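Undergrad: Okay, handing you the structure first.
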Amino acid sequence: MSSLEKFLAGWRFRSRRPTFEPGAELVAYVTDADGGTSVLRIGDSRLELDESVPADTQVRVRVTAFDEETHRGEADLLDVLGTATF
Amino acid sequence: MARRDDDDPGDEPFEAELAEVAEQDEPTIEFYGGKGVSALPIGLFIVWAIVQSGLFGISDTTGLVIGMLLSLIVGMLFVRGNWKSYANTIFEGMTQRVAATAIVAWLWAGMFASTLQAGGFVDGLVWAASALDIGAALFPAATFILAALLATGIGTGYGTAVAFTTLFFPAGVLLGASPVLVFGAILSGAVFGDNLAPVSDTTIVSAVTQDADIGGVVASRFKYAIVPAIIAFVAYIVAGNLMEGIEVAGQAREVFVQSANPAGLLHLVSMGVVIASAVRGRHIVEAISWGLIVAVAFNLVFDLAGPAEMLLFRAPARSGVADAVSWLPIVEVAGSGESAGVAGSLYSGAAGFFPLIVLTLLIVAGARIMIRGGGFAALQDWLLSRVATTVTRAETTMVLGTAAVNAMITINTAAEIAIAPYISTIGRRFNLNGYRRANILDANTSALGYIFPWAGGVLVGVAAMQGLPDQYAWFEPGMMVNPVAVVPYVFHGWLLVAMFLFAAWTGFGREYVADREAGEVERA
């Protein structure tokens with residue numbers, strides 16, 4: 001990303017319920033790990049993970065399904081990148 | 001951010017990584033009275049900070065260090081069982097990379113800022129104001145811009161408040177500008193620079209605590225800073241035309257003529273080198289080092305500051321070696337009544353951060369105890385289940401929480417470090433990326449540090465104002481601004497808070513981790 005692009009990034013109104021295409025790969029933090037199901041809450045959208053991972057772990061996932069009506073979806077764990085320390 | 005790249009294909013997928021993650025999250029300290037008592041060290045410190053700075057009006061960072069030390073001792077008395085794990089957690093907290101990164105960046109920023117001041121950057125801005133020859137109505141707006149430039153260059157809003165209150169404030173009064181408006185414009189400029197400058201202590205804290213690189217934070221912050229700044233600029237023009245000043249016999253030029261020096265503006269280049277290098281992705285140590293080299297070169301080549309003003313060894317008379325090399329411009333032998341020591345902008349700039357460095361290490365240790373004791377998770381669960389239940393409410397909580405803590409604690413960097421773990425956790429729970437979290441944290445820290453009468457930025461400005469009657473025969477004590485009166489006129493401060501409430505409610509500038517991963521602390 002160039003310096004100019006860094007200054008121009010984010011000049012927009014971002015939805016509180018982002019949508020994801022099946023097949024998309026993304027990095028995010030696991031936000032909830034209750035009831036054996038790990039969830040990535042991205043804004044007010046939720047992706048359920050296929051494996052149990054503690055909260056605050058940063059993971060790389062692939063979206064397998066996403067319902068644009070309910071803003072809920074499912075994702076497969078691809079990699080565990082680390083954990084937040086602060 | 002702890003990372004693991006090694007993967008044994010014979011193991012269960014991610015087993016080793018997940019085991020490590022689980023181990024890091026496990027609470028290891030038990031307290032009498034439950035998990036909430038682990039918040040005692042940080043909680044007592046916040047009370048100490050409010051009493052010391054808010055109620056007594058003592059802006060002494062070393063005083064806060066003592067407060068945090070005693071708070072850590074009191075917390076230990078409530079540990080169930082062996083105190084060793086508590087003591088070890090203090091070390092564990094202090095050795096986190098987040099503290100080390102902030103410390104290194106502060107030391108470099110301190111040397112740079114002090115060297116810019118030694119090189120007469122303020123004198124250059126004074127010359128610019130004098131050359132523009134503006135009238136009373138436009139003076140507050142021009143003061144805002146020039147103070148913002150100084151604060152963005154030297155990163156210290158407090159230094160800006162002192163320098164501008166000493167020079168621009170009396171000039172504005174003589175011109176017939178409204179004193180309270182000029183003071184408000186000075187504080188607004190200080191807010192702007194404290195918020196945006198890559199060498200600002202609060203910018204550094206906001207970036208490193210939210211896992212973001214400083215250059216990227218500055219670039220992403222620009223959109224939030226510039227919109228309120230433009231509105232504030234227009235507001236100062238409008239208010240400058242509506243609000244009347246005091247009639248004083250004298251010429252504003254007389255105040256300026258003593259210190260105006262156009263060559264000081266060369267340091268706009270030094271400042272630009274740091275900002276451009278940091279935004280281009282250079283490590284902050286590298287970016288500031290380049291800026292420092294340019295600043296020192298300008299000081300020497302254009303005679304803005306001599307070598308001894310930047311570094312001086314003042315040796316005792318008994319030192320034969322020093323006597324032999326006293327022809328060097330950075331060595332002198334102490335005269336009678338002078339104490340030996342090292343001096344200069346490099347020395348004072350770095351040394352000025354020492355108390356804050358120690359305080360930071362202790363606060364980070366206190367935060368670690370709260371994490372290990374389970375109090376942090378308990379408070380976080382409460383916040384997330386009751387208050388920050390949607391991303392909009394989470395961001396609003398982050399804005400108002402940061403503003404409230406900074407409104408109570410005079411020294412805004414200390415307040416910022418104390419609230420940073422909550423901002424990080426709440427924001428991460430909605431996958432807000434590091435830039436967004438850092439921007440929410442720093443804007444409200446910077447703004448609230450210069451608005452209320454007990455805020456550190458206002459206090460140093462008022463202290464500088466109290467010296468004006470001794471400096472100028474025409475300046476009467478009645479011309480000084482009551483710190484309560486300036487509260488509504490710190491336009492940029494108020495607008496910055498409003499900007500972030502607007503951003504939280506509308507999603508302006510919002511970025512998720514998945515949108516753009518913030519650079520890591522490793523890259524600072």
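The values are calculated or read from the model by the stated rules, or taken from the named source; none is laboratory data. Worth saying up front: this structure is predicted, and the values here are computed from it rather than measured. Positions of Cβ are generated from backbone atoms using ideal geometry, with glycine treated the same way; all protein chains shown enter the neighbour counts. Note: accessible area is taken over every heavy atom of the protein model, side chains too, but ligands, DNA and RNA are not part of it. Shrake-Rupley method; radii C 1.70, N 1.55, O 1.52, S 1.80 Å.
Undergrad: List, please: which pairs have Cβ atoms under 7 Å, are six or more places apart or on different chains, and start with a residue in region B:369-397 that is touching a residue at least 24 places away in the same chain (Cβ under 8 Å) and end with one that is hydrophobic (A, V, I, L, M, F, W, C) and in a loop (DSSP other than H, G, I, E, B)?
TA: B:Ile369/B:Ile29; B:Arg372/B:Ile29; B:Gly373/B:Ile29; B:Val391/B:Phe430; B:Ala394/B:Ala388; B:Ala394/B:Phe430; B:Thr397/B:Ala388
Undergrad: Working only within region A:24-77, note down all residues that are in a loop (DSSP other than H, G, I, E, B) and of a type in the set (D, E, K, R).
TA: Those that are in a loop (DSSP other than H, G, I, E, B) and of a type in the set (D, E, K, R): A:Asp44, A:Asp50, A:Glu51, A:Asp56, A:Glu68, A:Glu69.
Undergrad: Which residues, counting only those in region A:3-61, are under 23 Å from A:Val80 (Cβ atoms), out of contact with any Ser or Thr (no Cβ under 9 Å at 6 or more places or on another chain) and small (Gly, Ala, Ser)?
TA: Listed by number, the residues that qualify are A:Ala24, A:Ala28, A:Gly35.
Undergrad: Of (1) touching a residue at least 40 places away in the same chain (Cβ under 8 Å); (2) at negative phi; (3) open to solvent by less than 60 Å² (accessible area, probe 1.4 Å), B:Phe78 satisfies all except one. Which?
TA: (3)
Undergrad: Among B:Gly57, B:Gly33, B:Gly67, which is the only one that is at pLDDT 90 or above, part of a loop (DSSP other than H, G, I, E, B) and more than 14 Å from chain A (Cβ to nearest Cβ)?
TA: B:Gly33
Undergrad: Looking for something on the phi > 0 side of the Ramachandran plot and within 14 Å of chain A (Cβ to nearest Cβ) - is there at least one such residue anywhere in region B:392-413?
TA: Checking region B:392-413: not a single residue is on the phi > 0 side of the Ramachandran plot and within 14 Å of chain A (Cβ to nearest Cβ).
Undergrad: Turning to a different aspect of this structure: Please find, among B:Gly507, B:Gly461, B:Gly478, B:Gly456, the residue that is among the small types (Gly, Ala, Ser) and within 14 Å of chain A (Cβ to nearest Cβ).
TA: Unique residue meeting the criteria: B:Gly507.
Undergrad: Next question, about the same structure. Read through the list (1) open to solvent by 60 Å² or more (accessible area, probe 1.4 Å); (2) among the hydrophobic types (A, V, I, L, M, F, W, C); (3) in a strand (DSSP E or B), then give the number of the only condition that A:Trp11 fails.
TA: All conditions pass for A:Trp11, except number (3).
Undergrad: Considering every residue within region B:175-198, establish whether at least one is open to solvent by less than 10 Å² (accessible area, probe 1.4 Å), in contact with a helix residue (DSSP H, G or I) (Cβ under 7 Å, 6 or more places away or on another chain) and more than 28 Å from B:Gly240 (Cα to Cα).
TA: yes
Undergrad: Find the residue count for region A:24-46, including only residues that are open to solvent by less than 20 Å² (accessible area, probe 1.4 Å) and either more than 10 Å from every other protein chain (Cβ to nearest Cβ) or over 13 Å from the mean Cα position of the chain (by Cα) (or both).
TA: 2
Undergrad: For B:Val513, indicate whether it is more than 14 Å from every other protein chain (Cβ to nearest Cβ) and in contact (Cβ under 8 Å) with a residue 12 or more places away in the chain.
TA: So B:Val513 fails the test.
Undergrad: Need pairs with beta-carbon distance below 9 Å; first residue outside the structural domain of B:Ala239 (by TED's automatic domain parsing) and open to solvent by 10 Å² or more (accessible area, probe 1.4 Å) and within region B:130-148, second among the polar types (S, T, N, Q) and outside any helix (DSSP H, G or I); sequence gap 6+ or separate chains.
TA: none
Undergrad: Moving to a separate point now. Within region B:397-404, does at least one residue satisfy the condition of being open to solvent by 10 Å² or more (accessible area, probe 1.4 Å) and over 16 Å from B:Ala498 (Cα atoms)?
TA: no
Undergrad: Would you please name the residue that is nearest to the other protein chains (Cβ to nearest Cβ), looking only at residues in region B:481-494 that are open to solvent by 50 Å² or more (accessible area, probe 1.4 Å) and at pLDDT 95 or above?
TA: B:Trp494
Undergrad: A further question follows. Which of (1) at pLDDT 95 or above; (2) away from every other protein chain (no Cβ under 14 Å); (3) surrounded by 20 or more Cβ atoms within 10 Å (Cβ to Cβ) is the odd one out, the single condition B:Tyr224 does not satisfy?
TA: The failed condition is (2).
Undergrad: Now for a separate question. Please tell me if A:Glu68 is open to solvent by 50 Å² or more (accessible area, probe 1.4 Å) and in contact with a strand residue (DSSP E or B) (Cβ under 9 Å, 6 or more places away or on another chain).
TA: So A:Glu68 does not fit the description; no.
Undergrad: Touching a residue at least 40 places away in the same chain (Cβ under 8 Å), open to solvent by 10 Å² or more (accessible area, probe 1.4 Å) and assigned to a helix (DSSP H, G or I): does that describe B:Leu441?
TA: Spelling it out, it is not the case that B:Leu441 is touching a residue at least 40 places away in the same chain (Cβ under 8 Å), open to solvent by 10 Å² or more (accessible area, probe 1.4 Å) and assigned to a helix (DSSP H, G or I).
Undergrad: A:Val80 - would you say it is at the interface with chain B (Cβ under 9 Å from one of its Cβ atoms), open to solvent by less than 30 Å² (accessible area, probe 1.4 Å) and on the phi < 0 side of the Ramachandran plot?
TA: yes
Undergrad: State whether the residues of region A:53-63 include one that is open to solvent by 10 Å² or more (accessible area, probe 1.4 Å), within 7 Å of chain B (Cβ to nearest Cβ) and more than 11 Å from the chain's Cα centre (by Cα).
TA: Looking for residues that are open to solvent by 10 Å² or more (accessible area, probe 1.4 Å), within 7 Å of chain B (Cβ to nearest Cβ) and more than 11 Å from the chain's Cα centre (by Cα), one finds at least one in region A:53-63, hence yes.
Undergrad: Can I ask one more? Do you know which residues across region A:1-23 are at the interface with another protein chain (Cβ under 7 Å from one of its Cβ atoms) and either among the hydrophobic types (A, V, I, L, M, F, W, C) or closer than 25 Å to B:Thr396 by Cβ (or both)?
TA: Across region A:1-23, the qualifying residues are A:Phe7, A:Ala9, A:Gly10, A:Trp11, A:Phe13, A:Arg14, A:Ser15, A:Arg16, A:Pro18.
Undergrad: A follow-up question, please. Could you tell me how many of the residues in region B:81-90 are touching a residue at least 40 places away in the same chain (Cβ under 8 Å) and not in a helix (DSSP H, G or I)?
TA: 1
Undergrad: Here are the criteria: (1) surrounded by 24 or more Cβ atoms within 10 Å (Cβ to Cβ); (2) at pLDDT below 85; (3) in a loop (DSSP other than H, G, I, E, B). Tell me which single one B:Ala415 does not satisfy.
TA: Here B:Ala415 clears every test but (3).
Undergrad: Right, here's the next one. B:Trp382 is checked against (1) open to solvent by 10 Å² or more (accessible area, probe 1.4 Å); (2) within 14 Å of chain A (Cβ to nearest Cβ) and fails just one. What number does that condition carry?
TA: With respect to (1) open to solvent by 10 Å² or more (accessible area, probe 1.4 Å); (2) within 14 Å of chain A (Cβ to nearest Cβ), B:Trp382 is out only on (2).
Undergrad: In this structure, is B:Asp201 more than 27 Å from B:Gly264 (Cα to Cα), open to solvent by 20 Å² or more (accessible area, probe 1.4 Å) and either touching a Gly at 6+ places or on another chain (Cβ under 8 Å) or in contact (Cβ under 8 Å) with a residue 12 or more places away in the chain (or both)?
TA: Taking the combined requirement at face value, the residue does not satisfy it.
Undergrad: Hey, among B:Ala278, B:Ala295, B:Ala287, which residue is small (Gly, Ala, Ser), touching a Leu at 6+ places or on another chain (Cβ under 6 Å), buried (at least 21 other Cβ atoms within 10 Å of the Cβ) and farther than 13 Å from B:Gly124 by Cα?
TA: The match here is B:Ala295.
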